[in-house]
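Undergrad: Below is a structure I'd like to ask you about.
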Amino acid sequence: MPFWGLQKQLGIDVDSFLLRQSMPQPHGQASVCHAFEREWVECGHGLGQTRARRECQLEYEDFMECMNRTKL
């Protein structure tokens, strides 16, 4: 963890592209798939990439359904 937030001081956000819906929205309203993305991120937090792929597959599929609108 850095001692100071260099990204905040410079006004840039390098890693915001990692989470699509969690970024600040134009009118302050949460996006449609925000809840699904949040569940997926919370499920995989602290598990590691390999284990999270196995254990969080359902959450990821729900998130991708919402993003791609495949089961409407």
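The values are calculated or read from the model by the stated rules, or taken from the named source; none is laboratory data. Worth saying up front: this structure is predicted, and the values here are computed from it rather than measured. Glycine also receives a Cβ, built like all others from the backbone with ideal geometry; neighbour counts cover every protein chain displayed. Note: accessible area is taken over every heavy atom of the protein model, side chains too, but ligands, DNA and RNA are not part of it. Shrake-Rupley method; radii C 1.70, N 1.55, O 1.52, S 1.80 Å.
Undergrad: For segment 32-48: of the residues being hydrophobic (A, V, I, L, M, F, W, C) and either surrounded by 14 or more Cβ atoms within 10 Å (Cβ to Cβ) or at pLDDT 85 or above (or both), which is farthest from F63 (Cα to Cα)?
TA: Applying the filter and picking the extreme gives L47.
Undergrad: Going through segment 49-64 one residue at a time, which ones are closer than 22 Å to S31 by Cβ, without any contact (Cβ under 8 Å) to a residue 24 or more places away in the chain and open to solvent by less than 60 Å² (accessible area, probe 1.4 Å)?
TA: Scanning segment 49-64 gives C56, E59, M64.
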